[in-house]
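Each remark here refers to the structure printed beneath this line.
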Amino acid sequence: MRLEIDLTSDVPIYRQIRDRIVRGAASGALAPGERLPTVRQLAADLGVNPMTVNKAYALLKAEGIIVMDRRRGAQICESFAQSGTPDDDFDGKASLLLSEARTKGVSKQALLARISEIVNTLYQDGEGSK
């Protein structure tokens, strides 16, 4: 797994790690059951403190995106995509993101077109388009 972070970003490094793994799992770049690097290995690869990676992995575990096993390490959860419906947390985040776009003057049509592009990219294999 090739993971890149931006050390100059305002987004905390642990959050960047979390977000990259979520995107990888959603796009299929990281398959269910796929092992992630150990905390120490990923920290060394990125040049960050292991506690930063540990925080990202703990967040992913709490969200049900990964599972942790002492023998196998961190893996993409086999069933993370099976719930089928967004929860209230998703609705709140989506609403905030859409509100930010509107305050920046993005038109409804442009926003819908952009969202459609993103959804089509995530579901390019036809999975989940039912």
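The values are calculated or read from the model by the stated rules, or taken from the named source; none is laboratory data. Keep in mind it's a predicted model, so treat the numbers as computed, not measured. Glycine gets a Cβ as well: all are built from the backbone with ideal geometry, and neighbour counts include every protein chain shown.
Observations
- Odd one out for R71, checked against (1) touching a residue at least 40 places away in the same chain (Cβ under 8 Å); (2) part of a loop (DSSP other than H, G, I, E, B); (3) charged (D, E, K, R): (1)
- Here A101 passes the criteria (1) without any contact (Cβ under 8 Å) to a residue 40 or more places away in the chain; (2) in contact with a Gly (Cβ under 9 Å, 6 or more places away or on another chain) except the one numbered (2).
- Flag if R23 is of a type in the set (D, E, K, R) and at pLDDT 95 or above: no
- Residue list for region 18-53, filter: of a type in the set (A, V, I, L, M, F, W, C), in a helix (DSSP H, G or I) and without any contact (Cβ under 8 Å) to a residue 40 or more places away in the chain: V39, L42, A43, A44, M51, V53
- Test result for G92, surrounded by 10 or more Cβ atoms within 10 Å (Cβ to Cβ) and at negative phi: yes
- Exclusive hit being at pLDDT 95 or above, closer than 24 Å to D6 by Cβ and not β-branched (V, I, T), set L30, L122, L42, L97: L42
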